[in-house]
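Participant: Here you go, one structure.
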Amino acid sequence: MTRSPIRRRFSLSGMSLTELIVSLAIGGMLMAAVAVAVESGARSLACNRQYALDVHTAARVLHNITSAIRCAEYIKLEGAAPHGSGRKAKSLTVQPPPLDGTLPPRIAYRWDPSNMVLIRHENADDDSPGAQTGQIALRDIEFYTQEETDEGGGSIIRAVTITVTAGQDSERPVTLTATARPRQKL
């Protein structure tokens, strides 16, 4: 008795059960490796996005404050403690120069350590903080002055160094520092 050609074709083509199990195991390992790589990339992307946001926040705060200091006619540090040849503080008030004969409102930057926010006030004076015009979440901020004594014994602020640390909830906080010199009166 001879086998039919149809049966011979089916019996010769195909995989054994062992070959099938081995190929499924290899495919499963490859799919698991790809899933781990994709998940790791997504986690890294989220972490880098937060870091870039923290850098941007710190840079924006530094830019705003240094711009205000550079054109200020009046600078006052609140709660300042001696630090080297100057003082160290957590709050700063600046008075922009007059525009067209009118005096713009004073701007105060005050650190609120309990809420970890920097609050910006306008129309600030010695008795009142003025109207709150913005706040931004930070980890920390410090103002350092470089001062000299004038002939009358008063103190002249030559420069203010601002250190901003952003990334309240981040594992990698960002610290940026800038120094601004107030305009000199002629």
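The values are calculated or read from the model by the stated rules, or taken from the named source; none is laboratory data. This one's a predicted model, so the numbers in the text were calculated from it and none came from an experiment. Glycine also receives a Cβ, built like all others from the backbone with ideal geometry; neighbour counts cover every protein chain displayed.
Participant: Can you pull out the residues in segment 153-172 that are under 18 Å from ASP112 (Cα atoms), at pLDDT below 85 and crowded, with 16+ Cβ neighbours inside 10 Å?
Facilitator: Correct list: GLY167 only.
Participant: Is there a residue in segment 17-25 that is surrounded by 10 or more Cβ atoms within 10 Å (Cβ to Cβ) and either under 20 Å from the mean Cα position of the chain (by Cα) or at pLDDT below 85 (or both)?
Facilitator: There is no residue in segment 17-25 that is surrounded by 10 or more Cβ atoms within 10 Å (Cβ to Cβ) and either under 20 Å from the mean Cα position of the chain (by Cα) or at pLDDT below 85 (or both).
Participant: Any residue at all in segment 167-181 that is part of a strand (DSSP E or B) and touching a Pro at 6+ places or on another chain (Cβ under 8 Å)?
Facilitator: Looking for residues that are part of a strand (DSSP E or B) and touching a Pro at 6+ places or on another chain (Cβ under 8 Å), one finds none in segment 167-181, hence no.
Participant: Let me ask another. Confirm whether PRO96 is more than 27 Å from LEU53 (Cα to Cα) and either at pLDDT 80 or above or buried (at least 17 other Cβ atoms within 10 Å of the Cβ) (or both).
Facilitator: yes
Participant: Hey, another quick one. Out of segment 104-125, which residues are among the small types (Gly, Ala, Ser), modelled with pLDDT of 80 or more and either loosely packed, with under 14 Cβ neighbours inside 10 Å or in a loop (DSSP other than H, G, I, E, B) (or both)?
Facilitator: Of everything in segment 104-125, just one residue is among the small types (Gly, Ala, Ser), modelled with pLDDT of 80 or more and either loosely packed, with under 14 Cβ neighbours inside 10 Å or in a loop (DSSP other than H, G, I, E, B) (or both), namely SER114.
Participant: If you don't mind, another one. Is there a residue being at pLDDT below 85, under 25 Å from the mean Cα position of the chain (by Cα), buried (at least 16 other Cβ atoms within 10 Å of the Cβ) and not in a strand (DSSP E or B) anywhere in segment 142-150?
Facilitator: no
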